Amino acid sequence: MIEKFLNEEQDPKAVEKVYTRLTDLLNSGEEILYIAVQKKPVVNLFPDCIALTNKRVLFFTPANFGLTLKFIDFVWKDIIDVATKEELIGAVFSIRTTNGTEMGVDYLPKVQARKLYQYAQERKEEEREARRLRDLEEKRAESGSLQFENPAVAAFQVATPVAPVTPPVVHQEPKADELTEKLKKLRTLHENGLISQEEYNHKKLELLSDL
C-alpha cells in the first residue's frame, strides 16, 4: 500500500510509520496525496515527515526515541501560503496560516519538496475555487431573502420594530496572548540563527500541542 509513496526515495520505514498513523486519523472522504521524509546530512535516525491529504497538511515528529509520533495538522482552508526554498543541502517546505502560524521542515530531498509544493498549489487552487462558489451561493441566498413571495400582501405588512441587539463582549483568553508571545520569541530566536529549523519546529509543536 505504501509503494506509491516511495517514488522519490523516501525512507520506507518512516513512510510506513506515518502511513499507519494516518490510517487512524483520516476522516470520511479524506485520502493521502503525498508523504515526504526529512533526510538529515549526518544522522537521520528519526526524521520529521510531512503528509498531504485532500483536506489537511500534517507535520509528524518522532518522539520517545522513535517509538511514538507527535503530529500537528492544518486544514487547507486555513492555509494562506505555501513555500519551498532549496538550499545547499536539501530544501525547506513551509506553510503559513490565516492566524500567522508558520510551520516547516528542513533537509527535505529537493525532489520531494518540489512535489509537496506542486500538490499544495493544486490543492490551494481547488480550495480557492470552492471558496468562490461558496461566496456566490451566499450572495444568491442574501439577495433571495430580500424578495417577497407575495408583493400584494407584503405592501400592507407593517414592520415590527426590533430591539437592537447588543453584541456580546469577547474577552481575549490570557492563554492565547501568552502563546502568541512565546511563538514570537521562538520565531525571533530562529530568525537570528540562535536555534535551528529542527529545534524551532519541535518547540513550536510543543507549544501548539498545549492548546
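Give segment 105-122 a look and list any residue that's touching a residue at least 24 places away in the same chain (Cβ under 8 Å), out of contact with any Lys or Arg (no Cβ under 6 Å at 6 or more places or on another chain) and surrounded by fewer than 21 Cβ atoms within 10 Å (Cβ to Cβ), or say none.
First, pick out the residues of segment 105-122 that are touching a residue at least 24 places away in the same chain (Cβ under 8 Å): 105-117, 119-121.
Filter once more, keeping what is out of contact with any Lys or Arg (no Cβ under 6 Å at 6 or more places or on another chain): 105-106, 108, 110-117, 119-121.
Correct list: Lys110, Val111, Arg114, Tyr117, Tyr119, Gln121.
What about Ala130, is it at pLDDT 75 or above, assigned to a helix (DSSP H, G or I) and within 30 Å of Phe5 (Cβ to Cβ)?
Numbers: at pLDDT 75 or above: yes; assigned to a helix (DSSP H, G or I): yes; within 30 Å of Phe5 (Cβ to Cβ): yes.
Against the criterion (at pLDDT 75 or above, assigned to a helix (DSSP H, G or I) and within 30 Å of Phe5 (Cβ to Cβ)), Ala130 qualifies.
Count, please, the residues in segment 35-73 that happen to be in contact with a Leu (Cβ under 8 Å, 6 or more places away or on another chain) and among the aromatic types (Phe, Trp, Tyr).
3
Tell me the residue from Lys175, Lys185 that is modelled with pLDDT under 80 and not in a loop (DSSP other than H, G, I, E, B), please.
On the way: Lys185 fails: modelled with pLDDT under 80.
Every option except Lys175 fails the conditions.
Considering every residue within segment 12-32, establish whether at least one is touching a residue at least 60 places away in the same chain (Cβ under 8 Å) and within 20 Å of Lys115 (Cβ to Cβ). Please lay out each step first, then the result.
Going through segment 12-32, the residues touching a residue at least 60 places away in the same chain (Cβ under 8 Å) turn out to be none.
No, because not a single residue in segment 12-32 is touching a residue at least 60 places away in the same chain (Cβ under 8 Å) and within 20 Å of Lys115 (Cβ to Cβ).
Every residue, every condition in (1) outside any loop (DSSP other than H, G, I, E, B); (2) modelled with pLDDT of 95 or more; (3) of a type in the set (Phe, Trp, Tyr), yes or no:
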site	(1), (2), (3)
Lys4	yes, no, no
Glu8	no, no, no
Val15	yes, yes, no
Asp24	yes, no, no
Tyr34	yes, yes, yes
Lys39	no, yes, no
Val43	no, no, no
Phe46	no, no, yes
Leu52	yes, yes, no
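For Ile80, which of the numbered conditions (1) open to solvent by less than 60 Å² (accessible area, probe 1.4 Å); (2) within 24 Å of Asp135 (Cβ to Cβ); (3) aliphatic (A, V, I, L, M) fails to hold?
That leaves (1) as the condition not met.
When residues of segment 82-101 are filtered for being of a type outside the set (Ser, Thr, Tyr), under 21 Å from Thr180 (Cβ atoms) and either outside any strand (DSSP E or B) or modelled with pLDDT under 95 (or both), how many remain?
Total satisfying the criteria: 2.
The values are calculated or read from the model by the stated rules, or taken from the named source; none is laboratory data. Because the structure is a prediction, the values reported are computed rather than measured. Positions of Cβ are generated from backbone atoms using ideal geometry, with glycine treated the same way; all protein chains shown enter the neighbour counts. The area values use the complete protein model at the heavy-atom level, side chains included, leaving out ligands, DNA and RNA. Shrake-Rupley method; radii C 1.70, N 1.55, O 1.52, S 1.80 Å.
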